[in-house]
Each structure stands twice: as structure tokens, then as C-alpha cells.
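See structure below.
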Amino acid sequence: MKNIKLNKFLASIFFVCISLFSYCGFANENQDANFKNEKQWNLKIGETKYPALFEDNDGYSDDFLDEVVADIQLIYARYPEDTLRILDEKEKFFVKNNEITSKKRITPPEFWPKEFTDNHLYMAQLNIKDHIIIRSGLLKGYKKAIKLKKRNFKKFKKLYEFIDYFNNIGDHINPEKLLELYDFRFAPSPQIMRSKAIIEFNNYKNKNPVKQYKMFLPSILEVNKSDDDIIKGYFFYHAVCFDKKYNEVNKVFPLVYLDNKWKIIIVPIGT
């Protein structure tokens with residue numbers, strides 16, 4: 001009888017020890033165990049691919065999260081990995097009720113959508129592997145942007161077509177044809193500005209003056225109704241471009257949706 005009680009006591013001690021050992025020794029290893037049977041997302045930064053996790057993503061469909069990841073990937077593709085600032089910074093997050101402590105914060109370059117300013121991406125290690133954590137605040141921003149895109153699908157489609165046309169203009173183009181990409185109505189003296197543009201384009205002797213730029217497709221966070229006084233209420237994308245001449249990324253061409261077409265507007269704006 002004593003042996004039976006002793007065996008039960010030893011078994012209880014063994015069970016408690018195993019439980020504590022599993023919790024303390026393997027907590028970090030099992031932190032993402034809840035995710036192993038769920039869909040996995042990945043983000044590629046430079047040449048490195050990282051698994052992505054979402055902070056508080058309950059209520060979002062896989063299709064929605066697919067679109068978010070694809071859009072973030074589109075933004076990352078603009079920049080080489082060595083241009084991203086990755087800082088040591090600890091922050092706690094809850095992902096599927098798991099408390100996760102990040103080790104690094106990825107600070108976006110200058111020309112990122114403003115939604116990233118308050119919702120930096122973080123990097124945390126799970127199962128000895130770096131994961132990217134996408135903030136809940138960023139998901140809320142994407143929710144609004146995706147709704148706007150769905151309600152204005154034709155405008156977005158025409159924007160993608162405009163950018164494709166712009167990037168595939170040949171080395172030589174008729175000045176009048178190039179002029180069709182521009183709109184001068186917001187300029188202080190539209191006719192004078194248009195005349196000057198014709199003269200300037202002719203000076204290139206039919207060479208393409210915008211060939212030094214590659215215009216990037218926009219993040220859906222970057223296309224919205226402008227709140228700038230001059231173009232207030234118009235759909236707007238301040239096009240982010242790669243400048244081949246100076247080997248840098250910059251905001252170059254302000255695009256506005258006018259008369260069912262996207263145009264480069266000739267006027268300084270504050271947006």
C-alpha cells in the first residue's frame with residue numbers, strides 16, 4: 001500500500017516537473033505552436049524571406065490578409081535591404097493570445113505610406129527563426145484602403161495602365177504625344193505653361209525626357225482623395241519613382257484623376 005502511494009506521489013512530482021520544464025524550458029520554442037495548422041504568410045526583404053504574423057488579426061479573412069501582405073511586399077520591393085534601418089527595440093505583442101517580445105523595429109525609408117509611421121513592422125524570434133510582426137493599427141489602415149479601392153476599382157485599374165504606359169514609352173516620342181500625359185489646368189497660367197512645355201519637349205528632339213524614371217506601382221495606402229487645397233477631393237497619387245540618373249528613390253510626379261484619366265499635373269502642391 002505504501003509503495004502504491006509512493007508511486008502515485010512520485011508520478012505527481014514527475015508530472016509537475018515535466019509541466020514546469022515544458023513551460024519554462026520550451027516556452028519560446030512553442031510560442032508559435034498555435035500557428036502551425038494555419039495559413040502561413042511570408043515577406044521578402046532584399047534576398048531574405050521571413051514568415052509574417054499579424055497582431056490581433058481576428059475577424060480578418062485570409063483574402064484580406066493576402067492583399068495586405070502583397071501590398072507590403074510591393075513597397076519593400078522598391079528598396080534594397082541595406083537601405084532599411086533595423087533598430088534594436090523590444091516591444092510586446094499578442095498574436096493569437098501568445099505574448100511575443102520583439103527584438104527589432106524596422107524603420108521605413110522616407111517615401112513610405114504615412115500609415116507605417118505609427119505602425120512600424122517589428123521582428124521577433126520564434127523557434128529560433130526571425131518573424132515579421134504586422135501591427136493591428138496597420139491592418140486597420142489597410143481595411144479602409146481596400147474598401148476605397150473596391151468602391152473605385154476603375155480608377156485604380158486606369159492608374160495601373162497609366163503607369164505601365166509611362167514605364168514603356170520608347171527612347172523616342174513625339175512631343176505632342178508626351179504632352180497628353182500632362183494637365184495644366186491647375187497652373188497659374190495654364191496656356192503659358194503648356195506653351196513652355198511644348199518648347200521644352202521639342203528641345204529634346206523627340207528624345208524621351210522622362211526615360212530616366214521608373215514609376216512604381218502604388219501601395220493602395222498611397223492612392224486617396226487629396227486634402228490639398230488646389231486639388232481637394234480629386235483622387236491623387238504622388239508617384240514614387242526610381243531615378244536612374246541619380247540611383248535613388250524619390251517622389252517625382254503628382255498624378256491626379258481628371259475627366260476619367262490619370263494625368264501628371266504641373267503645379268507645386270503640398271500633398
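The values are calculated or read from the model by the stated rules, or taken from the named source; none is laboratory data. This structure is a prediction, so every number in the text was calculated from the model and none was measured. Counting neighbours? That spans all protein chains shown, and the Cβs are built from the backbone with ideal geometry, glycine included.
T107 passes every criterion in (1) touching a helix residue (DSSP H, G or I) at 6+ places or on another chain (Cβ under 7 Å); (2) under 27 Å from V223 (Cα atoms) apart from (1). The single residue among E29, E81, E67 that is modelled with pLDDT of 75 or more and of a type outside the set (V, I, T) turns out to be E67. The residues on offer are K263, K214, and the sole one that is touching a strand residue (DSSP E or B) at 6+ places or on another chain (Cβ under 8 Å), assigned to a strand (DSSP E or B), modelled with pLDDT of 90 or more and farther than 28 Å from L138 by Cβ is K263.
Scanning the range 218-238 for residues that are modelled with pLDDT under 95 and among the aliphatic types (A, V, I, L, M), we see that the one that is surrounded by the fewest Cβ atoms within 10 Å (Cβ to Cβ) is I230. Considered as a group, the residues in the range 39-95 that are part of a loop (DSSP other than H, G, I, E, B) and of a type in the set (S, T, N, Q) include one that is surrounded by the most Cβ atoms within 10 Å (Cβ to Cβ), and that residue is N57. Please work out if K245 is under 25 Å from K196 (Cα atoms), part of a loop (DSSP other than H, G, I, E, B) and more than 23 Å from the chain's Cα centre (by Cα). When the stated conditions are applied, K245 passes them. In the condition set (1) surrounded by 15 or more Cβ atoms within 10 Å (Cβ to Cβ); (2) within 22 Å of K90 (Cβ to Cβ); (3) hydrophobic (A, V, I, L, M, F, W, C), L148 is compliant with all but (2).
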